[in-house]
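Colleague: Could you have a look at this structure, given as structure tokens, before my questions?
The values are calculated or read from the model by the stated rules, or taken from the named source; none is laboratory data. Keep in mind the model is a prediction, meaning the values are calculated, not measured. With ideal geometry, Cβ positions are generated from the backbone for all residues, glycine too; neighbour counts draw on all protein chains shown.
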């Protein structure tokens, strides 16, 4: 990606609390309450071991969990730096360049959605991205970097620990700045669902819980693609950027992660969609730039 040196930054879009730690102390395992019965304990042990092996949290692949506060975490994560680390000094920030990129990207994403909403006679309400380390206190409760980036509907904020990008690049094989941007756009996609009433709509649909989760995640992927459509039009994408997003979507598909964890893929336990499904919906948004084409809940739609 190539931003102009004078690219606009909306300072209120990003809140940096790295090193500050959560108000109520160290977080637990990411805010998911797993309900395991029968052979569930054995499966949980396998997943825990696989999580340690790959350095990511795969507990979401077990299925049957309840979100403690309605958050929509990405499916993989890692353990961030120690929570007693001092607050980041902006003058000596090793991730200063990454933070600048994230600020520019969040501004660009939300400026884009503002215009798209206007085209549809809607009003966009900006979300905030919180950058944290290790653990964070949110409107959805205390949460951990182990679950990866996530969005919390009650406080209308997305959350990310920068060390997730190391996992995405080195352990999941999805490097590149547009892969990083896709992650942000996906979480803001959950914000779109929140302000468009999708969260409320989901609670009224009589479908299996995991299927509803997959529908939500794939729609957020499509919304991320919508932003990518306009980013490409504005000429801020470079050769290979689209491929980076596609590889990232493939890398965090449920089937791929289950295989990596030594588990036979089981679609009934998927929470985010298969690699093929995630790629399909990212491409759908990229191809049209229309929010209307992202209705994964439409009757008869093929996920």
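Colleague: Collect the residues in region 245-270 that are under 15 Å from the mean Cα position of the chain (by Cα), surrounded by fewer than 22 Cβ atoms within 10 Å (Cβ to Cβ) and part of a loop (DSSP other than H, G, I, E, B), keeping them in residue-number order.
Modeller: If the condition is that a residue be under 15 Å from the mean Cα position of the chain (by Cα), surrounded by fewer than 22 Cβ atoms within 10 Å (Cβ to Cβ) and part of a loop (DSSP other than H, G, I, E, B), then 253 is the only one that fits.
Colleague: Take the residues in region 109-130 that are in contact with a helix residue (DSSP H, G or I) (Cβ under 7 Å, 6 or more places away or on another chain) and not in a loop (DSSP other than H, G, I, E, B); name whichever of them is surrounded by the fewest Cβ atoms within 10 Å (Cβ to Cβ).
Modeller: Selected residue: 128.
Colleague: Look at residue 206 and say whether it is farther than 21 Å from residue 277 by Cα and in a helix (DSSP H, G or I).
Modeller: The answer is no for residue 206.
Colleague: Pairs under 8 Å by beta carbon, first residue at positive phi in region 159-182, partner surrounded by fewer than 24 Cβ atoms within 10 Å (Cβ to Cβ) and assigned to a helix (DSSP H, G or I), six or more apart or different chains?
Modeller: From residues that are at positive phi, the pairs are 173/247; 173/251; 176/169; 176/241; 176/244; 176/247.
Colleague: Of all residues being assigned to a strand (DSSP E or B) and within 16 Å of the chain's Cα centre (by Cα) in region 137-147, which is nearest to residue 167 (Cα to Cα)? Just the residue, please.
Modeller: Among them, the one singled out is 144.
Colleague: Would you call residue 160 modelled with pLDDT under 95, surrounded by 21 or more Cβ atoms within 10 Å (Cβ to Cβ) and within 24 Å of residue 253 (Cα to Cα)?
Modeller: On the way: modelled with pLDDT under 95: no; surrounded by 21 or more Cβ atoms within 10 Å (Cβ to Cβ): yes; within 24 Å of residue 253 (Cα to Cα): yes.
Taking the combined requirement at face value, the residue does not satisfy it.
Colleague: Take residue 217 and decide whether it is surrounded by fewer than 23 Cβ atoms within 10 Å (Cβ to Cβ), touching a helix residue (DSSP H, G or I) at 6+ places or on another chain (Cβ under 8 Å) and either in a helix (DSSP H, G or I) or modelled with pLDDT of 95 or more (or both).
Modeller: no
Colleague: Still on this model: How many residues are crowded, with 19+ Cβ neighbours inside 10 Å and either assigned to a helix (DSSP H, G or I) or over 20 Å from the mean Cα position of the chain (by Cα) (or both) if we restrict to region 285-303?
Modeller: Looking only at that region, the number is 4.
Colleague: A follow-up question, please. Looking only at residues in region 140-155 that are within 20 Å of residue 220 (Cα to Cα) and touching a strand residue (DSSP E or B) at 6+ places or on another chain (Cβ under 7 Å), which one is surrounded by the fewest Cβ atoms within 10 Å (Cβ to Cβ)? If you could, list the steps in order and put the result at the bottom.
Modeller: Initially, region 140-155 is screened for residues within 20 Å of residue 220 (Cα to Cα), giving 140, 147-155.
Keeping just the survivors that are touching a strand residue (DSSP E or B) at 6+ places or on another chain (Cβ under 7 Å) gives 140, 149-152, 155.
On the way: 140: 22, 149: 23, 150: 26, 151: 28, 152: 28, 155: 16.
Per the criteria, the residue is 155.
Colleague: With the requirement that a residue be within 20 Å of residue 133 (Cα to Cα), within 21 Å of the chain's Cα centre (by Cα) and part of a loop (DSSP other than H, G, I, E, B), what does region 1-20 give you?
Modeller: 17, 18
Colleague: Related question: List pairs: first residue in region 117-130 and touching a residue at least 12 places away in the same chain (Cβ under 8 Å), second residue surrounded by 14 or more Cβ atoms within 10 Å (Cβ to Cβ) and assigned to a loop (DSSP other than H, G, I, E, B) anywhere in the structure, Cβ distance under 8 angstrom, at least six positions apart or on different chains.
Modeller: 125/156; 126/10; 127/156; 128/156; 130/17
Colleague: From the list 273, 228, exactly one residue is in contact with a helix residue (DSSP H, G or I) (Cβ under 9 Å, 6 or more places away or on another chain), surrounded by 21 or more Cβ atoms within 10 Å (Cβ to Cβ), modelled with pLDDT of 95 or more and under 18 Å from residue 211 (Cβ atoms). Which is it? Explain how you work it out, then say what you get.
Modeller: Numbers: 228 fails: under 18 Å from residue 211 (Cβ atoms).
Among 273, 228, only 273 is in contact with a helix residue (DSSP H, G or I) (Cβ under 9 Å, 6 or more places away or on another chain), surrounded by 21 or more Cβ atoms within 10 Å (Cβ to Cβ), modelled with pLDDT of 95 or more and under 18 Å from residue 211 (Cβ atoms).
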